[in-house]
Amino acid sequence: MDNSQKWIAFSTIVRREIHRFLRIWPQTLVPPIITIVLYFVIFGKLIGSRIGEMSQLPYIQFVAPGLIMMSVITNSYSNVVSSFYGSKFQRNIEELLVSPTPNWIILLGYVVGGMSRGLGVGAMVTVLSLYFADFSLHSLPITIGIVLMTSLMFSLAGLINAIFAGSFDDISIIPTFVLTPLIYLGGVFYSIDLLGDFWGSVSLINPILYMVNAFRFGMVGITDINVAYSFAMVALFSVVLFAVALRLLEKGSRLRS
Amino acid sequence: MKQTNEPALAICQLSKTYEDGFQALKGIDLNVSPGDFFALLGPNGAGKSTTIGIICSLVRKTSGSVKVFGQDIDKDFSAAKQFVGVVPQEFNFNQFEKPIDILINQAGYYGIPHRVAAQRAEKYLKQLALWDKRDIPSRTLSGGMKRRLMIARALIHEPKLLVLDEPTAGVDIELRRSMWEFLQEINRQGTTIILTTHYLEEAESLCRNVAIIDHGTIVQNTSIRELLKQLNKETFILDTREALDSCPQVQGYPLRQTDSQTLEVEIEKSQSVNELFAGLSEQRIHVVSMRNKTNRLEELFFDLVEKNLQEKKHG
């Protein structure tokens with residue numbers, strides 16, 4: 001395939017992925033919006049008003065960046081894992097496997113599809129958050145940079161999960177038992193300063209902590225960790241996950257007999 | 001893309017052993033000429049689908065080589081894939097997508113621009129009588145329509161080699177005939193076709209050459225005409241006008257009565273049907289119709305597979 005053919009193959013996969021989540025919008029777009037609005041109402045307005053300040057910020061301003069990041073992470077991940085596993089289950093992934101589309105294009109196509117949903121939902125949640133809290137953007141490059149890289153990283157992770165998944169149960173295990181605890185313990189709702197030295201140090205092994213803090217820094221200018229570490233951490237994870245996902249596709253693991 | 005006079009498909013010493021140790025292919029050799037209509041026959045589990053899977057990259061070979069129009073799948077699988085269109089046995093499209101989207105997306109995976117893809121999709125959907133169904137979810141199509149959709153999808157990048165794995169399984173007779181005509185037409189236009197089928201009548205009607213595969217080895221690879229020459233005897237069913245009290249006897253023809261108005265007889269190639277009819281006429285028995293008990297190729301197929309089985313049993 002020449003470069004223009006590769007571009008056509010890539011844009012076909014991305015367009016198909018975007019069309020997929022738009023077609024089933026009551027399943028893909030509405031629930032995350034409702035969930036996040038409930039978080040804003042309960043943790044931001046009702047409980048948040050009694051908490052007062054967190055890291056010198058009104059609690060709703062503190063929690064909003066974390067909630068936006070949470071929606072980006074979960075939607076990027078779940079879009080790729082459900083779409084790719086669905087294609088495996090219905091065997092229409094074979095349409096791509098028999099075609100001359102290179103594996104790295106297949107990988108990028110699914111990942112950009114996942115990022116489209118993650119960033120789309122993230123953008124809608126950001127607009128909604130303006131109703132609940134006032135923001136003055138601290139750093140646009142940091143905000144955009146970290147949200148793009150985070151979405152990329154979790155789309156890659158979703159693809160790897162889908163490749164290994166042998167049943168629909170397998171695509172919910174990681175989000176339920178790994179992703180959700182990591183998000184909840186990743187500084188979305190609190191500053192790690194509250195945890196004390198030991199648990200604060202333990203929290204540093206949670207990659208989501210770095211992403212949430214870098215995003216919070218970009219939006220409101222406060223962070224528990226050095227933002228450079230956050231970018232380095234997300235970049236490292238993304239490179240490793242990309243290499244693993246590509247290797248799995250090249251080998252045809254769980255895809256070719 | 002390299003255009004050559006190489007065989008459409010050249011398989012050399014192809015082997016496949018699955019992870020559970022099952023050896024599906026034991027070093028097969030196979031050549032298919034450009035423009036051929038080729039049948040790959042064999043009982044269930046013989047290795048037909050494994051062979052097709054390797055050609056289209058869904059199965060990883062253990063050893064051997066496969067070339068499609070001269071392109072070695074180990075050296076440039078991308079180029080080889082451009083030549084191949086595959087219609088698998090099982091439905092493998094997204095049941096929630098519309099037929100038109102399935103075709104245009106498939107064209108996109110081959111790097112075909114959207115405008116060209118849309119024109120081709122219209123052409124093939126019309127040829128396969130699916131144009132009216134282009135905008136409905138494909139899960140609502142009938143079984144025959146789904147099969148035709150998979151043929152249209154396999155043709156969307158206009159491959160030089162079309163591989164069909166049981167394309168008419170479960171399709172009614174009328175539709176099967178129309179699919180045969182369609183396949184014959186695209187073969188006349190130059191597309192090489194490899195067909196696996198359980199309907200041996202289909203292979204006999206459509207194909208010029210045949211390979212019979214059994215237990216992972218090719219037991220016969222020749223033209224249909226040559227293969228049929230090997231047929232020494234055929235079994236015929238005769239329907240009589242009168243009800244028969246007992247089975248008639250005609251010297252040299254082992255007749256069997258299967259019901260009051262039906263006889264069965266095996267006739268060797270050296271014998272004449274006229275003599276049989278004369279013998280029956282003398283006994284005032286009138287034959288009103290006559291047909292083969294099984295398809296001629298089917299008899300040969302069973303003979304070959306049985307022979308292969310006996311050879312294996314006796315080492």
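Where a number appears in this text, it was derived from the coordinates with a stated rule and is not lab data. Given the structure is predicted, the values throughout are model-derived calculations rather than measurements. Here the Cβ positions follow ideal geometry from the backbone for every residue, glycine too, while neighbour counts run over all protein chains shown.
Given the DSSP H assignment, sum -39500 (n - 2.57) over each helix run of at least 4 residues in chain B and divide by its residue total; what's the result at 222 nm in deg cm²/dmol, nearest 500? -10500 deg cm²/dmol, from helical runs alone. Summing charges over all other residues whose Cβ lies under 14 Å from the Cβ of A:F84, with Lys and Arg as +1 and Asp and Glu as -1, gives +2.
Mind ordering B:210-216, A:41-47, A:166-172 by average Cβ neighbours within 10 Å, highest first? Intermediate results must be reported in sequence, preceding the final value.
Numbers: B:210-216: 23.1, A:41-47: 15.0, A:166-172: 13.3.
Output ranking for B:210-216, A:41-47, A:166-172: B:210-216, A:41-47, A:166-172.
Each peptide in B:241-248, A:238-245 receives the mean, over its residues, of other Cβ atoms within 10 Å, and ordering these scores from highest gives A:238-245, B:241-248. Packing, as the average of other Cβ atoms within 10 Å across residues, places the peptides B:189-198, B:269-278 in the order B:189-198, B:269-278, highest first. The label-point distance for A:I47 and B:K233, in a model that sets each label 7 Å from Cα toward Cβ, rounds to 8.7 nm.
Taking the charge dipole of chain A about its Cα centre, with +1 at Lys and Arg Cβ atoms and -1 at Asp and Glu Cβ atoms, the residue from A:G118, A:F10, A:N75 reaching farthest to the positive side is A:F10.
Given axes a ≥ b ≥ c from the Cα gyration tensor, I'd like to know whether segment A:1-55 is rounded (a/c under 1.5), prolate (a/b larger than b/c) or oblate.
It comes out oblate by the Cα gyration axes.
Indicate, rounded to the nearest 5 percent, the antiparallel portion of the DSSP beta bridges found entirely in the protein assembly as shown. Could you put the intermediate results ahead of the total?
Details: 39 of 56 bridges.
Bridges in the protein assembly as shown are about 70 percent antiparallel.
Taken as entire DSSP H runs, the helices of chain A that both span 15 Å or more between Cα atoms along their own long axis and average 0.5 or more on the Kyte-Doolittle scale are A:59-90, A:103-132, A:140-164, A:207-220, A:227-251. Scanning chain B for long hydrophobic helices, with DSSP H runs required to stretch 15 angstrom or more by C-alpha along their axis and to average at least -1.0 on the Kyte-Doolittle scale, returns B:99-109, B:143-155, B:173-188, B:296-313.
Using a Förster distance of 45 angstrom, determine the FRET efficiency expected from the C-beta separation of B:S260 and B:H198, and round it to 0.05.
Values: r = 33 Å, r/R0 = 0.72.
Once rounded, the FRET efficiency stands at 0.85.
Extending 7 Å from the Cα toward the beta-carbon at both A:R91 and A:L38 defines two label points whose distance is 3.9 nm.
For segment B:233-297, what class follows from the C-alpha gyration tensor (a ≥ b ≥ c being the square roots of its eigenvalues): rounded when a/c is under 1.5, otherwise prolate if a/b is larger than b/c, else oblate? Here segment B:233-297 falls in the oblate category. Under 5 Å from the amide H of B:I218 lie the amide H atoms of B:D29, each residue being 5 or more positions distant or on a separate chain, with H modelled from the backbone and absent for Pro and chain starts. Centre-to-centre separation between the Cα atoms of segment B:240-272 and those of segment B:130-168: 46 Å.
For B:S15 and A:S257, a Förster radius of 22 Å and the Cβ-Cβ distance give a FRET efficiency of 0.95, rounded to the nearest 0.05.
Amide H contacts of A:G221 (H built 1.01 Å from N, in plane; Pro and chain starts excluded): A:H138 sit under 5 Å, all sequence-distant by 5 or more or on other chains.
For segment B:80-144, rounded, prolate or oblate, judged on the Cα gyration tensor with a ≥ b ≥ c (square roots of eigenvalues), a/c < 1.5 rounded, else prolate if a/b > b/c? Working shown, then result.
Working: a/c = 1.69, a/b = 1.25, b/c = 1.36.
It is oblate, given that a/c is not under 1.5 and a/b is not larger than b/c.
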